[in-house]
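Student: The structure that follows is given in the form of structure tokens.
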Amino acid sequence: MRTPRRRTTLIAATTVALLATGTLTAVAAHAATGCAVSYTLGGQWQGGFTGNVTVTNLGDPLSSWSLRWSYSAGQTVSDAWNATVTQSGSTVTATNVGYNGSVPTSGSVSFGFNGTWNNSSNPAPTSFTLNGVTCTGSTAPTGAPTTPPSATPPPTTPPPTTPPATTPPPSVPQTGLVGWATQNGGTTGGGSAAATTVTTASALTSALNATGAAVIRVSGTINCSGMLRVRSNKTVLGNAGATIVGCGFTVNGDRNVIIRNLTFRNWSDDAVNVESSATNIWIDHNTFSNGYDGTVDIKRGSDFVTVSWNRVYSHDKTMLLGHSDDNGGQDIGHLRVTYHHNWYDGSRQRNPRVRFGNPVHVYNNYYYNNAGYGVASTMSAGVLVEGNYFENVKDTYHLGEADSGPGSLVARNNHFVNSPAGQTGGSVAGIPYPYTLDSASSVKSIVTAGAGAGRISV
């Protein structure tokens, strides 16, 4: 059970000015430059916590920023959002990501991270520097939880995004199942089966491949190789910080599988492979980076799949739907997939690349700096591209790709920032399930607040 929310706040400002000589000298407060920092805990449990940081710029406008602090009790950080966070010894450095480097005078920027602590003391940092300018101050230390933590810590609640200074943070995004995986009888995974926690590759392999319904919790970092088969009626959930390194999951002809809240990196084939008429699959709130082939590839007649609230970064080939132009005999009438509220964060291509499936629903996703393209509809597929936010994407969506002939694509209610509207044509079958479409202009803030591992309690 999560302990009651604890908050510690640090607000401090320095009064320094850069003189023509290049030296820093204290000056009167009304002419001050510096920063104010608010550091709070969004939650704390046995072995883990969530940190939320807001920085207010009291100096000249910034085009980029780097915030540094130190921990005094051996805490470590991981899984950051809205910043790139590294740690060397006790010193932590958070730097901006591409979309939030500019901070005007009196403007604010926020980011968050998951962390670990020693269960007896979790004091807040007492000093911060922003681009070398010290923000000093003090804050009450954060002690151990006042109620006994659970043996298996839950993941964190959705962290805040980084909205403009004058815009209030968005509400917590919906996290329930929507889309094609609600059809054909629905997708429940292991249902109410008792949870089993695994911490090793061998235990994970055995649990995934066992017969019968199961809820499998992954704890810690598991190093593995190849593709681990996931059998029918399985729910696979990541505890806070759960990471799969070096291998991927394959759902091969099985059905009713849920995969949520895991970080995958450096896989040697696909991170998640769905094939051979697998049905009713939900892939939700995962983070993918630096793998060999696809993050989520769906093929060979598979059907009734929802891919939602995932983040992909530092990766090339993202999501392939339909593996071959020659496989229409198996694929036509299938490959119905919903992609919603995913964060295609610099992922180069296949976001997704679609063959044969109709209708395929691509809605309320955030596309950022995709150097290749966003969506491709090929081989008579029918794709509805709806309510998405495209930023710095030179090729947002098009018909046909490489040697694959064109499909149909209908686009509506999308939002474009430094990105052109793409190529459309043909018609797409109707969407049979209910869904709520967020305003496209709000999708960036909603998705960056909610997509990826560590954003939900499971």
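The values are calculated or read from the model by the stated rules, or taken from the named source; none is laboratory data. This structure is a prediction, so every number in the text was calculated from the model and none was measured. Methodologically, a virtual Cβ is constructed for each residue, glycine included, from the backbone with ideal geometry; neighbour enumeration extends over all protein chains shown. Note: accessible area is taken over every heavy atom of the protein model, side chains too, but ligands, DNA and RNA are not part of it. Shrake-Rupley method; radii C 1.70, N 1.55, O 1.52, S 1.80 Å.
Student: Give me the net charge for the shell around Met319: Cβ to Cβ below 9 angstrom, other residues only, Lys and Arg +1, Asp and Glu -1.
Tutor: Taking every Cβ under 9 Å from that of Met319, the sum is +2.
Student: Here's a follow-up. Could you work out the local net charge near Thr188, counting Lys and Arg as +1, Asp and Glu as -1, over the other residues with Cβ closer than 12 Å to its Cβ?
Tutor: Details: positive: Lys234, Arg255; negative: none.
Neighbour charge sum, excluding Thr188 itself: +2.
Student: Run the reach check for Lys299 against lysines, Cα to Cα strictly under 22 Å, same-chain hits fewer than 8 apart removed. What comes back?
Tutor: Counting by Cα, and skipping residues close in sequence, Lys299 has these lysines nearby: Lys234, Lys317.
Student: Pulled fully out, how much extra length does the chain show between Ser66 and Val417, if you take 0.36 nm times their separation in residues and subtract their Cα-Cα distance? Walk me through the numbers before you get to the answer.
Tutor: Details: separation 351, 0.36 × 351 = 126.36 nm, distance 2.56 nm.
Stretched fully, the Ser66-Val417 segment lengthens by 123.8 nm.
Student: Could I ask something else about it? So, in nm, how far is label Asp293 from label Ser268 when the simple model puts each one 7 Å beyond its Cα toward the Cβ?
Tutor: According to this spin-label approximation, the distance is 1.4 nm.
Student: While we're looking at this one, here's another question. Taking a 1.4 Å probe, which of Lys444, Lys317, Lys234 shows the most accessible area, and what order do the others take after it?
Tutor: Descending order: Lys317, Lys444, Lys234.
Student: Can you tell me the FRET efficiency between Ala73 and Ser457 if r is taken as the Cβ-Cβ distance and R0 is 41 Å, rounded to the nearest 0.05? Kindly include the intermediate steps, with their values, before the conclusion.
Tutor: Details: r = 25 Å, r/R0 = 0.62.
Efficiency for this residue pair is about 0.95.
Student: Now for a different question. FRET efficiency for Val245 and Ser442, Cβ-Cβ distance as r, R0 = 25 Å, nearest 0.05?
Tutor: Calculated transfer efficiency: 0.15.
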